[in-house]
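The values are calculated or read from the model by the stated rules, or taken from the named source; none is laboratory data. The shown structure was predicted, so the numbers you read here are calculated from the model rather than taken from an experiment. Counting neighbours? That spans all protein chains shown, and the Cβs are built from the backbone with ideal geometry, glycine included.
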Amino acid sequence: MRPATYFPSFDHLTRTGGAQEAFHREAAALAHAHFGRKVFVRAVVEVSNFCRQNCSYCGMRRDNRELERFRADHEALAELIIEHRPASVTDINIQAGEDAKAVREVVVPLIHAIRRATNLGVSVCLGSLSDELYDEMQAAGASIYILKFETGDPDLFHQMESPGTFDDRLGRIRYLASRGWNVSSGFIAALPGQTPEQMLKSFHVANQLPLDGCSVSPFIPGDETPLAEMGAADINVTLNSMAALRKMKPEWVIPAVSALNLAEPGAGYRRGLRTGANLVTINMTPEGIRGDYLLYKRERFIMTEEAILRAIEAEGLEPSETGLAQYYSARRAQLAVA
Ligand code: SF4
């Protein structure tokens, strides 16, 4: 792994005005140097909102007794993906709360069905699971695992009731990478009470992990959570964090997360693309269940293909015809030859 030559200071994360614009331009230029003006386009399906974890910032936490829980039907999802996915989609991301039952009963059969009928790449974002379940999904054909470390500060991790323990979470990320997964992680910007030192620790942790990508999500006070009355993250800190990640790891895949539009309605998402984000996500979760996938707000901001393609075009970018899994696999082959 190439050591980072850049590391942000807190001053970088709080830039505004002209200094911020120049910082974001610099980050975007690095993304274009590595990936051209191409942006990977994936679709997400959210297959279960059962979760055995209890993160303070998430409405799907196990203590939320108000939430109607669902597990999706894998056959209906397979038909949706195989027959009706938007044309620009090259990869499918399967996401759920931490729900081993859904992995066995919904996710594994769904991966098999996608693999049999399409050449789509498959990524999964399903939490800390047993080695056996990871292996089963990999054998079925998934190759990218998204496991966020949430915050680089162990005390804040504990205070926020983030999933499991901090050390175990990092251990799971390392394990997945050692088993040949392409691993992406992520952290939350501006959690309530987060100090500048704690914020910078997230960069230290990201820098040390064997990752291929990392996201930054703005803290959004989630409905039906203990943090519902807190203030949302400053969009500028979030975007500056994305730019700093890009400077630290120019070769990483960094998504524009839909919550950017909750942090700054109407503009946040495009500003994310302007910092050099190179992965976008169309939401394909069936309408009947997505309202209960309560990551942030009951009123969700749903990214459609039309909205995504409009944002990409407006920023002078293009959808990548090469899929993300395909890109990783070609890069791995190149590195093996070199
Ligand atoms: S953030 Fe993930 S692990 Fe935590 S409660 Fe929500 S769905 Fe569960």
**OP:** Confirm whether Gly152 is surrounded by 21 or more Cβ atoms within 10 Å (Cβ to Cβ), away from the ligand (no atom under 16 Å from the Cβ) and in a loop (DSSP other than H, G, I, E, B).
**Re:** yes
**OP:** Please state which one of Gly171, Gly152, Gly141 is of a type outside the set (Val, Ile, Thr), touching a helix residue (DSSP H, G or I) at 6+ places or on another chain (Cβ under 8 Å) and farther than 25 Å from Arg116 by Cβ.
**Re:** Gly152
Subject >> Some residue of segment 13-20 being closer than 25 Å to Asn182 by Cβ and not β-branched (Val, Ile, Thr) >> reply: no
**OP:** Just give me the residues in segment 43-68 being under 13 Å from Arg290 (Cβ atoms) and near the ligand (Cβ under 7 Å from one of its atoms), in sequence order.
**Re:** Met60
**OP:** Filter segment 202-223 for residues that are out of contact with any Leu (no Cβ under 6 Å at 6 or more places or on another chain), surrounded by fewer than 23 Cβ atoms within 10 Å (Cβ to Cβ) and farther than 30 Å from Arg332 by Cβ and give the result.
**Re:** Asp223
**OP:** Scan segment 8-44 residue by residue and report those that are surrounded by fewer than 14 Cβ atoms within 10 Å (Cβ to Cβ) and small (Gly, Ala, Ser).
**Re:** Ser9, Gly17, Gly18, Ala19, Ala22, Ala29, Ala33, Gly36
**OP:** Of all residues in segment 109-142, count the ones that are away from the ligand (no atom under 13 Å from the Cβ) and surrounded by fewer than 20 Cβ atoms within 10 Å (Cβ to Cβ).
**Re:** 18
Original post:
Would you pick out the residues in segment 241-259 that are modelled with pLDDT under 95 and either part of a helix (DSSP H, G or I) or of a type outside the set (Ser, Thr, Tyr) (or both)?
Top reply: Ala259
Original post:
Residues in segment 231-258 that are surrounded by fewer than 24 Cβ atoms within 10 Å (Cβ to Cβ) and in contact with a Phe, Trp or Tyr (Cβ under 6 Å, 6 or more places away or on another chain): how many?
Top reply: 2
Original post:
What number of residues within segment 166-191 satisfy the criterion of being outside any loop (DSSP other than H, G, I, E, B), hydrophobic (A, V, I, L, M, F, W, C) and closer than 22 Å to Ser241 by Cα?
Top reply: 7
Original post:
For segment 270-290, how many residues meet the condition of being over 18 Å from Gly36 (Cα atoms) and assigned to a loop (DSSP other than H, G, I, E, B)?
Top reply: 3
**OP:** For Arg85, indicate whether it is surrounded by 15 or more Cβ atoms within 10 Å (Cβ to Cβ) and among the charged types (D, E, K, R).
**Re:** yes
**OP:** Give the number of residues within segment 291-338 that are part of a helix (DSSP H, G or I) and either charged (D, E, K, R) or more than 22 Å from Arg270 (Cα to Cα) (or both).
**Re:** 17
Original post:
Among the candidates Pro109, Pro86, Pro8, which residue alone is of a type outside the set (Lys, Arg) and under 30 Å from Gln159 (Cβ atoms)?
Top reply: Pro8
**OP:** Test each condition in (1) in contact (Cβ under 8 Å) with a residue 24 or more places away in the chain; (2) surrounded by fewer than 23 Cβ atoms within 10 Å (Cβ to Cβ); (3) touching a Pro at 6+ places or on another chain (Cβ under 9 Å) for Ala228 and report the one that comes out false.
**Re:** (1)
Original post:
List the pairs whose first member sits in segment 63-85 and is touching a residue at least 60 places away in the same chain (Cβ under 8 Å), whose second member is surrounded by 16 or more Cβ atoms within 10 Å (Cβ to Cβ) and aromatic (Phe, Trp, Tyr), and whose Cβ atoms are under 6 Å apart, counting only residues at least 6 apart or on separate chains?
Top reply: Arg69/Phe50
